[in-house]
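Here is the structure we will look at, set down as structure tokens.
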């Protein structure tokens, strides 16, 4: 049975496969060539063409004394580094700075009181003296009514 | 500058295998051409695709297999009668002047078309690419046992389909 199967397999293996059409080679490779050319063109526009220009511009700018420019750049970097290291940006400092001073608190309270008085006096003017009467405790009000 | 793969060399080295494999799976010459072109365009677009690949043939066959499965899925949702159509499509075998041999090849092509795509892929790679089950498993990214069982089922079905013709030809020999 196994031998029979092997013979069958061999027979199948000997069946020649159809050949790829010859004209496909150029068609497919030219299609891939277009893709490759487009890729290179894009890459060239983006990077390869602009890189030498940038290099030329940089060398023209730095040409008289590149070491002096490098030294200046190093000084700037040092200044930035010192500036960053000297700055204290810890949360404790921020908290301290954001807390208002005692004078400011007193001032604020005075302003609040003044505002309350102003609002209070306006309300008094609008409603008349009965308002002050109403402010008495309810128990006293009842006693007064009984006595009257 | 990093250079891409040599597409001409790749085409000359592998296009015949890819063509036969794709044609056996799609049974359509236009689809085969489109898929073959897509594979090479993919390689042209992404030259790093083959970087570090040890077995170029296996990698390209995997690309071809995945592309075919994608195509069949796309078609499957759109056209349910596609499989019937592909069964009547082009044979993956070269025509033969001998009528008996030609009859056998036509019958074999029809029997192969009856197999599910996954079994057909394994049978093709084993019989006409000469890959081992381990290589097939690596290429199609399936377990080795699955590759072996798909092959056995596929071969049994082919034998069943071709038995009358095969027995007759054996007697004649």
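If we count other beta carbons within 10 Å of each Cβ, what is the order of B:135, B:101, fewest first?
Ascending number of Cβ neighbours within 10 Å: B:101, B:135.
Run the numbers on chain B and let me know its relative contact order in percent, using alpha-carbon pairs under 8 Å that are six or more apart.
Rounded, it is 23 percent for chain B.
Return the distance in nm (one decimal) between the two label points of a simple spin-label model at residue B:114 and residue B:153, each offset 7 Å from Cα along Cα→Cβ.
If labels sit at residue B:114 and residue B:153, their model points lie 1.6 nm apart.
Could you give the length gained on full extension between residue B:103 and residue B:51, defined as 0.36 nm per residue of separation minus the Cα-Cα distance, in nm?
Going from the current span to full extension adds 14.3 nm.
Under a 10 Å cutoff between Cα atoms, tell me which one of B:66, B:138, B:98 has the largest fluctuation in the Gaussian network model of chain B.
B:98
Show me, bin by bin at 5 Å from 0, the whole-percent P(r) of chain B based on Cα pairs.
Going out from 0 Å in 5 Å bins, chain B shows 1, 8, 15, 19, 19, 16, 10, 6, 3, 1, 1, 0, 0 percent.
Round to the nearest 10 and give me the degree value, 0 to 90, for the angle of helix B:7-26's Cα axis relative to the longest principal axis of chain B.
Once rounded, one gets 40 degrees.
Peptide B:111-122: average number of partner chain Cβ atoms within 10 Å per residue?
Neighbouring Cβ atoms belonging to other protein chains average 0 per residue here.
For peptide B:11-21, how many partner chain Cβ atoms fall within 10 Å of a residue's Cβ, on average?
3
What FRET efficiency would be calculated for the residue pair residue A:4, residue A:31, taking the C-beta separation as r and a Förster radius of 45 Å, to the nearest 0.05?
That gives a FRET efficiency of 0.45.
Where is the GNM fluctuation largest for chain B (alpha-carbon springs, 10 angstrom cutoff): B:117, B:26, B:146?
Fluctuation is largest for B:146.
Note the full-extension length gain between residue A:70 and residue A:106 as 0.36 nm times their separation in residues minus their Cα-Cα distance, in nm to one decimal.
7.3 nm
Listing B:25, B:63 from the residue with the fewest other Cβ atoms within 10 Å to the one with the most, what is the order?
So the ranking, lowest neighbour count to highest, is B:63, B:25.
GNM on chain B, C-alpha springs below 10 Å: top fluctuator among B:68, B:103, B:32?
B:103
R0 = 25 Å: FRET efficiency of residue B:9 with residue A:11, Cβ-based, nearest 0.05?
0.15
Can you give the helix-only mean residue ellipticity at 222 nm for chain B, where every DSSP H stretch with n ≥ 4 adds -39500 (n - 2.57) and the sum goes over all residues, rounded to the nearest 500 deg cm²/dmol?
Dividing the helical sum by the residues of chain B leaves -25000 deg cm²/dmol.
Provide B:40, A:8 in ascending order of the number of other Cβ atoms located within 10 Å of each residue's Cβ, fewest first.
The order, fewest Cβ neighbours first, is A:8, B:40.
Where a number appears in this text, it was derived from the coordinates with a stated rule and is not lab data. In this text the structure is predicted, and so the values were computed from the model without any measurement. Neighbour counts run over all protein chains shown; Cβ positions are idealised from the backbone, glycine included.
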